[in-house]
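See structure below.
Read-outs: derived from the displayed coordinates by stated rules, not from any lab. Everything numeric in this text was worked out from a predicted model, so none of it was measured. Here the Cβ positions follow ideal geometry from the backbone for every residue, glycine too, while neighbour counts run over all protein chains shown.
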Ligand code: CUA
């Protein structure tokens, strides 16, 4: 039969033994942090449909360079569109961009000058606009409304005002 050895004065003096209330607090902290991590992941999955869907970055912009001068929504199928978005100091073109409800839009993004960040608030779209590189992402606009495009990469004195709009026009009821 093993007997319980009480902590020595040395252990107590150097606080080697966690007391009951300390163990409770440590346990509660671990539980709370775990809940926070799991909860955040659920929030991201439910609200944002799992992180950001970036198709990728293409290092050969010469192929598509003329498209960025076109500046409009291009229909590529019954319900699919592409748009070439160009970032400048300090605006996005084209803007405002009208999109029909239900359209699946592939964005191609590049910058004419410095790094910018193309973020469409309330969607999964978040692409860094890099000079000489084309980033792309696809999104389906199921609901009508207005989406703000903001720049989320600091790019100079007017960074905070670098905004554009996507207007999703409601599908006609006919
Ligand atoms: Cu463009 Cu910040």
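Every condition in (1) surrounded by fewer than 18 Cβ atoms within 10 Å (Cβ to Cβ); (2) assigned to a strand (DSSP E or B); (3) more than 16 Å from the ligand (Cβ to nearest atom) holds for residue 148 except the one numbered (3).
When restricted to residues that are more than 10 Å from the ligand (Cβ to nearest atom) and crowded, with 17+ Cβ neighbours inside 10 Å, the stretch 109-118 contains 2.
Of the residues making up the stretch 93-108, none is within 12 Å of the ligand (Cβ to nearest atom), more than 18 Å from the chain's Cα centre (by Cα) and surrounded by 13 or more Cβ atoms within 10 Å (Cβ to Cβ). Every test in (1) surrounded by 17 or more Cβ atoms within 10 Å (Cβ to Cβ); (2) more than 16 Å from the ligand (Cβ to nearest atom) is passed by residue 85 save one, and that test is (2).
Does residue 139 satisfy the condition of being touching a residue at least 60 places away in the same chain (Cβ under 8 Å), in a strand (DSSP E or B) and at negative phi? Yes; evaluated as a whole, the condition is true for this residue. Note on the stretch 121-134: residues that are in a strand (DSSP E or B), buried (at least 16 other Cβ atoms within 10 Å of the Cβ) and within 14 Å of the ligand (Cβ to nearest atom) total 4.
Within the stretch 1-13, can you find the residues that are surrounded by fewer than 10 Cβ atoms within 10 Å (Cβ to Cβ) and outside any helix (DSSP H, G or I)?
If we filter the stretch 1-13 for residues that are surrounded by fewer than 10 Cβ atoms within 10 Å (Cβ to Cβ), which is where we start, we get 1-6, 9-10, 13.
Within the stretch 1-13, 1, 2, 3, 4, 5, 6 meet the criteria.
Cβ-Cβ distances below 7 Å connect the following pairs, each with a first residue in the stretch 106-120 that is more than 13 Å from residue 86 (Cβ to Cβ), a second residue that is more than 14 Å from the ligand (Cβ to nearest atom) and in a loop (DSSP other than H, G, I, E, B), and a separation of six or more residues or different chains: 119/125. Exactly one residue among 171, 137, 164 is within 17 Å of residue 83 (Cβ to Cβ), in contact with a strand residue (DSSP E or B) (Cβ under 7 Å, 6 or more places away or on another chain) and away from the ligand (no atom under 12 Å from the Cβ), and that residue is 137.
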